[in-house]
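Notes for the one structure printed next.
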C-alpha cells in the first residue's frame, strides 16, 4: 500500500541584527533558538552562498506549472558537465531507490546548528540498488524548516523516522531543483580528475516538499 506524507507550504523570511545572531550562535545550549532566529540567507558571508541558502530555505509547495517533467533520476545521473542542465527556479517529481538516509553537515544555511534535529536530512537515491555506487547517487534533502512544519501536522520527518520509513524502499519525491555548487567538486559530472567523488551530480531536490513510499520499483 502506498504511504503518503501530507504536504503544505508557506513562505516566510526574516532577519535579525548580526550582533544578536552572534550571541545565539555562541550560546552553549539552544540550537532550537538559534534556528528560530536564523535569517533566510543563513549566516554565510559570501553573497553567492547567501543566494544559494535562500533557495535551500524555500517553503512554498511548487505548483504543477513549476514542475519540469523532463527531470527524472536518469536525466540527473546522465554523464557530462551538467552545470546548466536544469533550472533552479523549477521543481521536479523523481522516483528512486533509497540507498541511505543520514544527518547532513553543519552548514551556514542553518546558522551552523549542531543538533541533528536542527540540521538537514540527506537522502541518497539511486536507480540501481543491486549495483550500488556512491558516484551514482543523487542527494535529496529535508530541511529542518520543513521538518518543523510537518510536525505541526503530526508527521515525523526526523532523520531517524525517515531512515526507518524510507531506507531500502522505492520512493517518489516532489521538491525544488537546486544546483549545490558547494559540492560540484565532489560530483561525478563536474569534479576535476583526481577529486574524491561521493555523488553523481551537484543537482539536488532541495528542499523536498512531499514524500511517497512506493510499493515497488515503478514500471
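Among the residues of segment 67-96, just one is over 19 Å from residue 183 (Cβ atoms), surrounded by 15 or more Cβ atoms within 10 Å (Cβ to Cβ) and free of Cβ contacts under 8 Å to residues at least 40 places away in the same chain, namely 72.
Within the option set 47, 55, being surrounded by 15 or more Cβ atoms within 10 Å (Cβ to Cβ), within 25 Å of residue 206 (Cα to Cα) and either modelled with pLDDT of 95 or more or touching a helix residue (DSSP H, G or I) at 6+ places or on another chain (Cβ under 7 Å) (or both) holds for one residue only, 55. For residue 48, work out the one condition from (1) within 22 Å of residue 173 (Cα to Cα); (2) out of contact with any strand residue (DSSP E or B) (no Cβ under 6 Å at 6 or more places or on another chain) it doesn't fulfil. Residue 48 satisfies every listed condition except (1). Does residue 130 qualify as being over 17 Å from residue 188 (Cβ atoms), in a helix (DSSP H, G or I), in contact (Cβ under 8 Å) with a residue 12 or more places away in the chain and out of contact with any strand residue (DSSP E or B) (no Cβ under 9 Å at 6 or more places or on another chain)? Criteria not met by residue 130. Going residue by residue through segment 185-192, is there one that turns out to be closer than 23 Å to residue 85 by Cβ, at pLDDT 95 or above and in a strand (DSSP E or B)? Within segment 185-192 (the criterion being closer than 23 Å to residue 85 by Cβ, at pLDDT 95 or above and in a strand (DSSP E or B)), the answer is yes, since at least one residue qualifies.
At pLDDT 95 or above, closer than 19 Å to residue 76 by Cβ and out of contact with any strand residue (DSSP E or B) (no Cβ under 9 Å at 6 or more places or on another chain): does that describe residue 174? It is false that residue 174 is at pLDDT 95 or above, closer than 19 Å to residue 76 by Cβ and out of contact with any strand residue (DSSP E or B) (no Cβ under 9 Å at 6 or more places or on another chain).
The values are calculated or read from the model by the stated rules, or taken from the named source; none is laboratory data. Just so it is clear, the structure is predicted and the values come from calculations on it, not from any experiment. Cβ coordinates were reconstructed from backbone atoms using ideal geometry, including for glycine residues, and neighbour counts include every protein chain displayed.
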